[in-house]
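Q: Starting off with a structure, shown below.
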Amino acid sequence: MSIDRESTSVSTQLTEAATLAGYAPSIHNTQPWRWRLDGDSLELYAEPTRQLPASDPGGRLMVLSCGAALHHARTALAAEGCAVEIALLPEPEQPRLLARLTVTGRAEASPDAMRHVQTIRIRHTDRRPVSDAAIEPAVIDAIRAAIEAEHSWLHTLRRDDVFELATAADRAQTIEEFDPHWREEISYWAGGTRADGLGVPDSVLPHEAPQTTVPGRNFGVTGDLPVSAGHDHAAVYGVLFGTDDTPSSWLRAGEALSAGWLTAIERGVSILPLSAAVEVDTTRLTLRRLLSGLGEPFLVLRFGVADPEHPGPPATPRLPAAQVIEVVGGESGPA
């Protein structure tokens, strides 16, 4: 009887971890993950039906998004005091199976993880210009340390490099906008009310393009989010990168994005991920050059302090847990 209660407790904790992982950031809020719960193990799969074939044909950003969800799930289990064994890409013959988390016993609950769980619930993407408040170097150092703890790296850009980044981002978007498949894809995922729990709704899109040095994503539509006349002069730009361009590095970069983002929020800093320049081969070369050959660029990140005089955007919608969690031998969704 005690074994059954323990099994139920582990199953509940794993289900709750997968549910919390649904708050993770993902490219265009596609939430391209699926979880499979089997006893004391939780498996993470990439969901190809929510991959972006025009923007992300190789699946790099899909896997990176799944890595962020993996870190959220790990954080939830650490906050509950679960000892967990994690295997990345555990079955070579199953490339969509990205990770397996197995609860092996009890551990001391992590205070940092408990704080992160609260932060996960309030995290959102803010596309507005940032304020003129400077970011302390120690804060960037803390974010960098959180990223490096997940086996990825952050290269912050000098002012001259930011202008080169701006040119690359603008060029990437121009190239993509010439592609009819890309235009069809972006029109599907952006704008509208998004009652289905996916995509980028009007409520989080600026009602006009912010006047910033580095352009944000052009979704092809304007939204309802008011923006100030601010700029990005006080922003810090960085490139999230890994040592090689492989699925395992993409997955770790997603974990690093989650860890860095939560650390930033807890220190009063907003992060805006910018992916356009990594989606186009020619502009990826520019990012590699900005990295001085140190590694493979996965994402551009803008760090800034949000404008306190303007309320931030709401959280984007999320899929119900029942649509992304499969319980082996039971019903889908949380117990």
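The values are calculated or read from the model by the stated rules, or taken from the named source; none is laboratory data. The shown structure was predicted, so the numbers you read here are calculated from the model rather than taken from an experiment. Note that we place each Cβ from the backbone using ideal geometry, even for glycine, and neighbour counts take in every protein chain shown.
Q: Go over the candidates Thr282, Thr263 one by one and state the one that is under 27 Å from Glu176 (Cα atoms) and in a helix (DSSP H, G or I). Quick ask: steps written out before the conclusion?
A: Working: Thr263 fails: under 27 Å from Glu176 (Cα atoms).
Sole residue among the options that is under 27 Å from Glu176 (Cα atoms) and in a helix (DSSP H, G or I): Thr282.
Q: Could you figure out which of (1) crowded, with 16+ Cβ neighbours inside 10 Å; (2) farther than 27 Å from Val324 by Cα isn't true of Thr125?
A: The one condition Thr125 does not meet is (2).
Q: Output the residues belonging to the range 189-240 that are touching a residue at least 12 places away in the same chain (Cβ under 8 Å) and at positive phi.
A: Hits for the range 189-240 are Gly191, Arg194, Gly197, Gly199, Gly220.
Q: Would you confirm whether any residue within the range 288-298 is of a type outside the set (Ser, Thr, Tyr), at pLDDT below 95 and out of contact with any Ser or Thr (no Cβ under 6 Å at 6 or more places or on another chain)?
A: Yes, that holds for at least one residue.
Q: Every residue in the range 80-114 that is among the basic types (Lys, Arg) and loosely packed, with under 14 Cβ neighbours inside 10 Å, please.
A: Quick first cut of the range 80-114, residues among the basic types (Lys, Arg) only: 96, 100, 106.
Matches in the range 80-114: Arg106 only.
Q: Continuing with the same structure: How about the range 32-52: which of its residues are in contact (Cβ under 8 Å) with a residue 24 or more places away in the chain, in contact with a helix residue (DSSP H, G or I) (Cβ under 7 Å, 6 or more places away or on another chain) and within 16 Å of Glu185 (Cβ to Cβ)?
A: The answer is Pro32, Leu52.
Q: From Pro320, Pro308, which residue is at pLDDT below 95, surrounded by fewer than 21 Cβ atoms within 10 Å (Cβ to Cβ) and farther than 24 Å from Asp170 by Cβ?
A: That would be Pro308, the only listed residue that is at pLDDT below 95, surrounded by fewer than 21 Cβ atoms within 10 Å (Cβ to Cβ) and farther than 24 Å from Asp170 by Cβ.
Q: One residue is enough: does the range 90-110 have a residue meeting the conditions in a helix (DSSP H, G or I) and of a type outside the set (A, V, I, L, M)?
A: Initially, the range 90-110 is screened for residues in a helix (DSSP H, G or I), giving none.
No; the residues of the range 90-110 include none that is in a helix (DSSP H, G or I) and of a type outside the set (A, V, I, L, M).
Q: Among the numbered conditions (1) of a type in the set (Gly, Ala, Ser); (2) surrounded by fewer than 20 Cβ atoms within 10 Å (Cβ to Cβ); (3) assigned to a helix (DSSP H, G or I), tell me where Ser65 comes up short.
A: Condition (2) is where Ser65 drops out.
Q: Here is a check on your reading of the model: is Glu150 part of a strand (DSSP E or B), of a type in the set (Asp, Glu) and modelled with pLDDT of 95 or more?
A: Judged against the criteria, Glu150 is not a match.
Q: For the range 42-59, indicate whether the set of residues that are part of a strand (DSSP E or B) and in contact with a Pro (Cβ under 8 Å, 6 or more places away or on another chain) is non-empty.
A: So far as the range 42-59 goes, yes, one or more of its residues are part of a strand (DSSP E or B) and in contact with a Pro (Cβ under 8 Å, 6 or more places away or on another chain).
Q: Let me confirm something: among Ile147, Ile120, which residue is touching a His at 6+ places or on another chain (Cβ under 7 Å), surrounded by 14 or more Cβ atoms within 10 Å (Cβ to Cβ), within 30 Å of Leu14 (Cα to Cα) and of a type outside the set (Gly, Ala, Ser)?
A: Just a single option satisfies the conditions, and that option is Ile120.
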